[in-house]
Amino acid sequence: MSRSVLISGASIAGPALAYWLNQYGFAVTVVEKAAAVRGGGYPIDMRGPAVEVLRRMGLEEQVRERHIATRRLSFLDSDGGVLNSVAPTAITGDEAGYDIELARGDLTSLLYDAVRDDVEFRFSESIAELEDRGDAVDVTFASGRRQTFDLVIGADGLHSKTRSLVFGPEERFHRYLGYCFAGFTMPNYLGLSREGMSWAVSGRSASLYAVGGNDQVHGFLVFTRADAPFSAFADPAAQRELVASRFEDCGWEVPRMVAAMRTADDLFFDVVSQIHMPVWSKGRVALAGDAAHATSFLSGQGSSLALIGAYLLAYELADAPHDVAFAAYEKRSREFVEANQALATQGAVVMSPRTEEELAARNSAFRAMDGLPGESSHEVHTMLTLPPERAAV
């Protein structure tokens, strides 16, 4: 009889894990609290081993068809003057011609389409309670439905409900990096096309990112804050006021960005944080992607790690008992994860300098194109080698 697995979360790690577990003969159910797979979204990067995972899924060609091919990133001083315009690879460490940039919603849709006919997806549903009996896991869902599974995997993000139910409150594992951010779409006033612009003063930064030459761009406002404003998470009005208050009297396009943020119907507000856990599994429950080891967007590696981790977790479960497989998955992944988490420190200095000293160093480096993290980042992106492919069941 096939082992049954419940996966919580249908973003990147969840559908990818569902795909591979189905390939290896598991009976998979995925629950997602949203009403459908989320489309749209900001651009993300697939780097190093993540591209190889896509190839093994038969999705590489489709993903490459959606490659954005950003032409340049322009970095601005406090007055909006251009410090330098560079190819993205100078900052990100991407391997030109191999690594892929695409809209997050494009990737999630492709992953979902690859497995939707083979596993059960339940939208507008989530886990309410878990009880690991030792031989199985009893699950009570938010809908009131009850069901028993052999294994449960939490792939439900930075604020994972699965993690809190099994491992304890998020605060135990949450490492706040001192930033908050707001992301949204807004009119493309500047006529940008396949390019990004980043403005910064100490403690505040604003970026515009154009996926194509259309009439909308992605706006990002990032600011430092001593403590995480958890009380604002459930209050969109408080989020908008908090962001607006930190960007008063700013120059460049910031006033128009703040005005657009106030009325955006797709505002996404969160803290810039990481998850650091001593172990990623307990009994018959394991975590994947951001639920286990969020890196923050400052590393630029969250989506790649989600895809790679899902592959490795399924790979180990394919021919080993769950306890052996969970330990092997973590052993194979942890060094790679921690090296990528460390990239967030470099990313913060480049994208969102905290102090006048960091701002001066950042501006000087951009003028001279010296001391930027691209090359060292590439070494981290590619330091893990995937194991040989397993045959599907």
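The values are calculated or read from the model by the stated rules, or taken from the named source; none is laboratory data. No experiment lies behind these values; they were computed from the predicted model shown. Reconstructed Cβ throughout: ideal geometry from the backbone, glycine too, with neighbour counts over all protein chains shown. When the accessible area is computed, the model is the full protein with side chains, heavy atoms only, and any ligands, DNA or RNA have been set aside. Shrake-Rupley method; radii C 1.70, N 1.55, O 1.52, S 1.80 Å.
Applying 1/(1 + (r/R0)^6) with R0 = 25 Å to the Cβ-Cβ distance of Ser193 and Gln62, what FRET efficiency is obtained, to the nearest 0.05? Efficiency, rounded to the nearest 0.05: 0.60. Within the set of other residues whose C-beta is less than 9 Å from the C-beta of Arg163, count the net charge using Lys and Arg as +1 and Asp and Glu as -1. Summing Lys/Arg as +1 and Asp/Glu as -1 gives -1. Take the range 218-292 with all the other protein chains still there, run a 1.4 Å probe, and you get 43 Å² of accessible area per residue. Each 5 Å bin from zero up to the one holding the largest Cα-Cα distance in the range 225-333 carries the following percent of pairs: 2, 10, 16, 14, 13, 11, 9, 8, 7, 5, 2, 1.
Ranking His218, His159 by solvent-accessible area of protein heavy atoms (1.4 Å probe, all protein chains present), from largest to smallest, gives His159, His218. Think of the chain as a dipole: +1 on every Lys or Arg Cβ, -1 on every Asp or Glu Cβ, centred on the Cα centre; then among Gly144, Leu242, Ala210, Gly144 lies furthest on the positive end. Treating r as the C-beta distance of Met1 and His276 and R0 as 30 Å, the FRET efficiency rounds to 0.20.
Between Ala328 and Gln147, full extension at 0.36 nm per residue minus the direct alpha carbon distance yields a gain of 62.4 nm. Only DSSP H runs of four or more residues enter the estimate; each adds -39500 (n - 2.57), and after division by the residues of the chain the mean residue ellipticity at 222 nm equals -10500 deg cm²/dmol. Using a probe of 1.4 Å, the accessible surface attributed to Val166 totals some 30 Å² when neighbouring protein chains are kept in position. Around Arg145, what is the net charge, scoring Lys/Arg as +1 and Asp/Glu as -1 over all other residues with Cβ under 13 Å from its Cβ? Taking every Cβ under 13 Å from that of Arg145, the sum is -2. Helices meeting the span-like rule in the chain (full DSSP H runs, Cα extent of at least 20 Å along the helix axis, mean Kyte-Doolittle score of -1.0 or higher): 302-317, 322-351. Per-residue surface analysis assigns Tyr209 an accessible area of about 40 Å², computed on protein heavy atoms at 1.4 Å probe radius. Using a probe of 1.4 Å, the accessible surface attributed to Glu61 totals some 140 Å² when neighbouring protein chains are kept in position. Expressed as a whole percent, the accessible area of the range 200-301 that falls on carbon and sulfur atoms is 52 (1.4 Å probe). Packing order of peptides 271-277, 354-360, highest average first: 271-277, 354-360 (average count of other Cβ atoms within 10 Å over each peptide's residues).
Placing +1 on the Cβ of every Lys and Arg and -1 on the Cβ of every Asp and Glu, with nothing else charged, gives the chain a dipole about its Cα centre of roughly 260 debye. In the set (1) 62, 50, 40; (2) 60, 55, 38; (3) 65, 42, 37, which value of Cα extents along the principal axes in Å was calculated from the structure you see? Checked against the structure: label (3). Taking Lys and Arg as +1 and Asp and Glu as -1, the other residues whose beta-carbon sits under 11 Å from that of Gly178 total +2.
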